[in-house]
């Protein structure tokens, strides 16, 4: 298994989130919340856990800040849904939600961190580059940071992922109206399930679930899903079709289908 670079930095970032509190949400339901780190302006990166099963589903919103604030709203709506409907989560599953991966960007209306580094170009792996294309296809020097995991927000989340090792990760973005993700094994199966239930087309190498050709006109180096794939973690990236609508119903359909499959995975292992 590959090891993270800058391991001491990641461990230091994790230390910022040592305190854990139980916050009541509604009608006897509670969410376990912990700050896994801090943003460059000092905002907490608050991870919220629903359920206590060993199979872990991770949901990330707001990685690109204010311009994609509908992904923050979607994540918050999903949190409220799980709080009000705890039986929606199979007993063998835990759902983790980080609604705003770039809280400073949400506050300032920026896609980037305060440092100017792009949150989805700063991850390690074989494709990281300091100079990178932004989401508009413009090549920008230093957009990927001086080195992988150079930004505290990236370091904190990477450390959490490394220590928690989710079974499947859903990373929400906008606007595009498609999804990437999967590959072989369970992650590929879950991505196909999500695509079928939600209606987001999913380009694949074989063309199944989509055209087989990437809808991006640029190379997204140093992205989170690429790093996860390089270390053996499964997940997908979903581009909402709207710049403003959180598209709650179709994404709830996708997540519900994924949870059903993860629940069956637990039964097969019992």
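Read-outs: derived from the displayed coordinates by stated rules, not from any lab. This structure is a prediction, so every number in the text was calculated from the model and none was measured. As a convention, Cβ positions derive from the backbone with ideal geometry for all residues, glycine included, and neighbour counts pool all protein chains shown.
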Calculated FRET value between residue 260 and residue 216, using beta carbons and R₀ = 35 Å, to 0.05: 0.70
Given the Cα-Cα distance of residue 163 and residue 87 and 0.36 nm per residue of separation, how much length would full extension add, in nm? 24.7 nm
Within segment 86-103, list the residues whose amide N lies under 19 Å from a label point set 7 Å along Cα→Cβ of residue 52. 86-97
Can you compute the modelled spin-label distance between residue 107 and residue 231, with each label point 7 Å from Cα toward Cβ, in nm? 2.7
